[in-house]
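This report refers to the structure that appears directly beneath it.
The values are calculated or read from the model by the stated rules, or taken from the named source; none is laboratory data. These numbers come from a predicted model, not from an experiment. A quick note on method: Cβ atoms are made from the backbone with ideal geometry, for glycine too, and the neighbour counts reach across all protein chains shown. Note: accessible area is taken over every heavy atom of the protein model, side chains too, but ligands, DNA and RNA are not part of it. Shrake-Rupley method; radii C 1.70, N 1.55, O 1.52, S 1.80 Å.
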Amino acid sequence: MFEVAAVLDPLLARYASWLALPGAATADTSDEDPDNVVLMPMVLRIERKEPPRRTALLEAAAAAAIAVCLDERCKPGGEWHEPMREWISGRIRKVARRARGAHWEAVQSLPGITVEVDGAQVRAFLPARVADMPKELTRLQISGSELEADEPGAPMLGRPVLWLNPEVPMSAGKTAAQVGHATMMMAALLRGEGLEAGLERWAADSFRCSVRQADEETWQRLHPKDDPETAWRERRVTVVRDAGFTEVEPGTVTVLAQWAHAAGKGVD
């Protein structure tokens, strides 16, 4: 795990500077070539007759994103290393599409990993240039991924919790991308502090986590404000701040990712 987790190092190096940017600056793409934008596609399986529970789908998305990043094929010399390294060295953009039936089956042969949580399935794919995306992905719709809110109960003890901003409504597709960012950031910070044992245990648990809508008290208590280093060191909380290309304003904090949820104790 130590060797493959090195692919996340560029993300760790940018974390503090990204949080310090003014909101408008997070959406500045003036240094990008539109023809070479790289992103990670994610496909949410949403069948018409039996759609998944929203929370289960988001938890599958969160696990799938980091599972692809930390797959053995992403370690130096592996067949996925170069495209993964290139993507993580830039903006970690994701796009979530929905599929059902034959269209869902068609994408299973593309490079990626499918995760299932309580019957909900999400496949995250190896990042690639938008211009190079196969038709099996580009023909899938981005819109229409909304699912009704459910009542998942208390977070699972001993597993990470991804708290969603109570004041920022997002579609299931947008939220899937945000929780995928969250698990990546959490894994990068664990590596940065040498907490490889915790990362190994999380991998052995298939990167399971809880996704929950935060109430206002929880959000305010966990939010790092202008001190993300202390928030991580003392409360094991990291932040997802969105560039605002879709649905939310640039610089919006969408997710607070809490490494442990076990009577306030850290897990390392």
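Numerical summary
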read-out	value
Cα radius of gyration and Dmax for the chain (Å)	17.2, 48
Region 115-129-region 161-185 distance, computed between alpha-carbon centres (Å)	15 Å
Kyte-Doolittle mean at least -0.5, axial Cα span of 24 Å or more - DSSP H helices of the chain	172-192
Amide H contacts of Gly158 (H built 1.01 Å from N, under 5 Å, at least 5 apart or other chain)	His261, Ala262
Estimated translational D of region 179-254 in µm²/s (Stokes, Kirkwood radius over Cα pairs; 25 °C; 0.890 mPa s)	178 µm²/s
Computed [θ] at 222 nm, deg cm²/dmol, the chain (DSSP H ≥ 4; -39,500 (n - 2.57); rounded to nearest 500)	-10000 deg cm²/dmol
Extreme residue, positive dipole direction of region 1-155, given options Leu12, Pro51, Leu126 (C-beta unit charges)	Pro51
Fraction of beta bridges assigned by DSSP in the chain that are antiparallel (%, nearest 5)	70 percent
Region 189-268-region 1-79 distance, computed between alpha-carbon centres (Å)	15 Å
For region 182-266, size of Cβ-based charge dipole, Lys and Arg +1, Asp and Glu -1, in debye	320 debye
Gyration tensor (alpha-carbon) shape descriptor, region 41-184, a/c threshold 1.5	oblate
Prolate/oblate/rounded call for region 81-151, Cα gyration tensor, a/c under 1.5 rounded	prolate
Carbon + sulfur, % of accessible area of region 111-268 - ligands and nucleic acids excluded, 1.4 Å	49 percent
Prolate/oblate/rounded call for region 33-123, Cα gyration tensor, a/c under 1.5 rounded	prolate
Debye, to nearest 20: dipole size of region 66-218, +1 on Lys, Arg Cβ, -1 on Asp, Glu Cβ	660 debye
Percent RCO, i.e. relative contact order, over the chain, from Cα pairs under 8 Å lying at least 6 residues apart	27 percent
Loop-located trypsin sites (Lys or Arg not before Pro) in region 6-68 whose Cβ has at most 14 other Cβ within 10 Å (DSSP)	Arg48, Lys49
Residue-normalised accessible area of the chain, expressed per residue, 1.4 Å probe, Å²	45 Å²
Check: the chain dipole with +1 on Lys, Arg Cβ and -1 on Asp, Glu Cβ, in debye	480 debye
Within region 41-181, percent of DSSP bridges classed antiparallel, to nearest 5	65 percent
Computed FRET value (nearest 0.05) for Gln220 with Glu249, which takes r as the C-beta separation and R₀ as 25 Å	0.85
With every protein chain in place, region 1-99: carbon and sulfur % of accessible area (1.4 Å)	52 percent
Net charge of neighbours whose Cβ lies under 10 Å from the Cβ of Glu148, counting Lys and Arg as +1 and Asp and Glu as -1	0
Cβ-based charge dipole, the chain, positive-most Cα from Thr246, Gly144, Val95	Gly144
